[in-house]
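Structure first, commentary second.
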Amino acid sequence: MVRKSNNSALNSLINSQNTNMLPNLVTKSIVFAGATANAIGNDGGTQDPYTLFTVTGTVVMSVFGVCTVNCTGAGSTGEVGTALSTAALIAQTTMTDVDANEIWHDNSPDASIEAITILVPKIVNQDVIITTATADTEAGAITFYCMWAPLSADGNVV
């Protein structure tokens with residue numbers, strides 16, 4: 001039995017669980033430029049980890065990426081999460097496995113079509129980061145999508 005709450009954010013979450021769709025959407029496109037150690041090129045090529053989304057308060061969210069340019073860099077790995085849980089939103093992945101037109105949501109990106117059920121909502125209260133490891137991701141581009149809803153009164157994602 002689903003119990004309704006007076007909290008509109010919780011009602012939104014409860015109502016969205018059948019479709020896994022959350023009411024707000026933000027996107028961020030990043031370009032890898034690994035000529036500088038573990039760099040992401042959006043900021044001139046020097047930040048790792050790189051902040052994808054700034055979170056205030058507490059929110060519920062689902063995150064996935066769509067690759068637009070094949071990722072390269074022998075031995076490079078990447079993951080998406082928070083400072084305390086760096087792979088909590090997208091598991092650590094060999095970045096050369098992330099190719100154009102693939103949807104990156106787990107450690108095995110391999111399709112241009114995915115079931116909406118891959119979008120498992122998570123409760124988050126820290127900024128969302130992408131971390132590259134092991135070796136540089138030398139090239140590639142990914143657009144990240146974050147569907148979210150506020151849980152706390154100050155919950156927001158930008």
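Every read-out reported here was derived from the displayed coordinates using simple, explicitly stated rules and does not represent laboratory data. Fair warning: this is a prediction, and the values are worked out from it, not measured in the lab. Ideal geometry is used to build each Cβ from the backbone, glycine not excepted, and the neighbour counts take in all protein chains shown.
Summary of computed values
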quantity	calculated
Neighbourhood charge, 13 Å Cβ-Cβ cut-off, centred on Val69 and excluding it, Lys, Arg +1 and Asp, Glu -1	-3
Inter-site label distance for Leu84 and Val120 at 7 Å from Cα along Cβ, in nm	1.9 nm
Within the range 67-108: backbone nitrogen closer than 16 Å to the Ser29 label point (7 Å, Cα to C-beta)	67-71, 100-102
Kirkwood Rh, Cα atoms: Rg over Rh of the range 94-133	1.00
